[in-house]
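Each remark here refers to the structure printed beneath this line.
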């Protein structure tokens, strides 16, 4: 459907920035080296053949035993070319950092905050990297596979000694 | 005939008045809100039970209706709203999420509003049918008439006769 995007990527980035590409159910995807995440996105937005001007989604997947442990997943769409692509970038547990995409697509702001909140991936250069869903007192990142399923961190509970 | 009269206790009369004039505070957080609207709209018509008056300030409300999921993040706000309500006050947990957390058993959802505040009547269902809501409301009205409830102020003194409202005290826990 959008093989042109993968072709353009392989044409432009030849120094190992694109680790792997593929196509599944008519949707193209590419695995990008973490250090080149921002450069690849800049290119895909501005290139005349791709024009991926719409940020659709950014999220994260915890693969746990695999290395690198986390996958940051980005979905992009071109309003003009009517094509879409999915990008992956692997992030390790020891150094869970990746460049922010807020300067490229401002819509990435809250999505990166969500991925930070729930998975603990730090987006370097993000203008306001705070928790967005959980409360500031919350400790840890609840969608990590090693976060205990039964663990609760309540802010308030009834005082057993109080007469209501 | 000419002269008719009717005797009652002040307690019974006060509770009767209270149960037919519930001002609700709808704390609506989730999809149960649609069913709450259906219960309040003409077809099922909560107004028949004197509970038609939603007040959007807790200071004017008697009955806190918790409609929907309570997250841990929201729990302090719910506690504060409950604390702002004047006595006497009652609480209805509307739907399984408000009652027990429902199918949300995870890091973010409070397992039941009664972890935060006392609850008088639990209405199960996901969401509950309006008939269940009316049933729950009538159960609450029965409790009010009997003078029961977590926060129901008793107007029976230790001496066993009715006392002025100014001197009433809350029931002890479990009373």
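The values are calculated or read from the model by the stated rules, or taken from the named source; none is laboratory data. No experiment lies behind these values; they were computed from the predicted model shown. Here the Cβ positions follow ideal geometry from the backbone for every residue, glycine too, while neighbour counts run over all protein chains shown.
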- Among the numbered criteria (1) farther than 26 Å from residue A:154 by Cα; (2) over 12 Å from the mean Cα position of the chain (by Cα); (3) crowded, with 18+ Cβ neighbours inside 10 Å, which single criterion is violated by residue B:88? (2)
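Conditions (1) at the interface with chain B (Cβ under 10 Å from one of its Cβ atoms); (2) loosely packed, with under 13 Cβ neighbours inside 10 Å; (3) at pLDDT 95 or above, marked per residue:
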{"site": "A:124", "(1), (2), (3)": "no, yes, no"}
{"site": "A:128", "(1), (2), (3)": "no, yes, no"}
{"site": "A:133", "(1), (2), (3)": "yes, no, no"}
{"site": "A:139", "(1), (2), (3)": "no, yes, no"}
{"site": "A:143", "(1), (2), (3)": "yes, no, no"}
{"site": "A:146", "(1), (2), (3)": "no, yes, no"}
{"site": "A:155", "(1), (2), (3)": "yes, no, no"}
{"site": "A:161", "(1), (2), (3)": "yes, yes, no"}
{"site": "A:164", "(1), (2), (3)": "yes, no, no"}
- Query: For region B:31-42, what are the residues that are modelled with pLDDT under 90 and outside any helix (DSSP H, G or I)?
  - Reply: B:41, B:42
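Yes/no per residue for (1) within 14 Å of the chain's Cα centre (by Cα); (2) touching a residue at least 60 places away in the same chain (Cβ under 8 Å); (3) more than 25 Å from residue A:147 (Cβ to Cβ):
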residue: A:55; (1), (2), (3): yes, no, yes
residue: A:58; (1), (2), (3): yes, no, no
residue: A:84; (1), (2), (3): no, yes, yes
residue: A:91; (1), (2), (3): yes, no, no
residue: A:110; (1), (2), (3): yes, no, no
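So that you can scan it fast, the table gives a plain yes or no per residue for (1) within 14 Å of chain A (Cβ to nearest Cβ); (2) farther than 17 Å from residue B:137 by Cα:
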{"position": "B:36", "(1), (2)": "no, no"}
{"position": "B:39", "(1), (2)": "no, no"}
{"position": "B:47", "(1), (2)": "no, no"}
{"position": "B:64", "(1), (2)": "yes, no"}
{"position": "B:69", "(1), (2)": "yes, yes"}
{"position": "B:79", "(1), (2)": "yes, yes"}
{"position": "B:86", "(1), (2)": "yes, yes"}
{"position": "B:97", "(1), (2)": "no, yes"}
- Message: Quick check on my filter: what residues within region B:102-132 are within 11 Å of chain A (Cβ to nearest Cβ), surrounded by fewer than 19 Cβ atoms within 10 Å (Cβ to Cβ) and in contact with a strand residue (DSSP E or B) (Cβ under 6 Å, 6 or more places away or on another chain)?
- Response: B:108
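Is it the case that residue B:138 is within 23 Å of residue B:56 (Cα to Cα), surrounded by fewer than 20 Cβ atoms within 10 Å (Cβ to Cβ) and either modelled with pLDDT of 90 or more or more than 10 Å from chain A (Cβ to nearest Cβ) (or both)?
Numbers: within 23 Å of residue B:56 (Cα to Cα): yes; surrounded by fewer than 20 Cβ atoms within 10 Å (Cβ to Cβ): yes; either modelled with pLDDT of 90 or more or more than 10 Å from chain A (Cβ to nearest Cβ) (or both): yes.
Here the answer is yes, as residue B:138 does meet what is asked.
One residue is enough: does region A:52-70 have a residue meeting the conditions over 30 Å from residue A:142 (Cα atoms), surrounded by fewer than 20 Cβ atoms within 10 Å (Cβ to Cβ) and modelled with pLDDT under 95? Working first, answer last.
First pass over region A:52-70, keeping only residues over 30 Å from residue A:142 (Cα atoms): A:52-53.
Applying the additional criterion that residues be surrounded by fewer than 20 Cβ atoms within 10 Å (Cβ to Cβ) yields A:53.
Still in the running and modelled with pLDDT under 95: A:53.
Within region A:52-70, one or more residues are over 30 Å from residue A:142 (Cα atoms), surrounded by fewer than 20 Cβ atoms within 10 Å (Cβ to Cβ) and modelled with pLDDT under 95.
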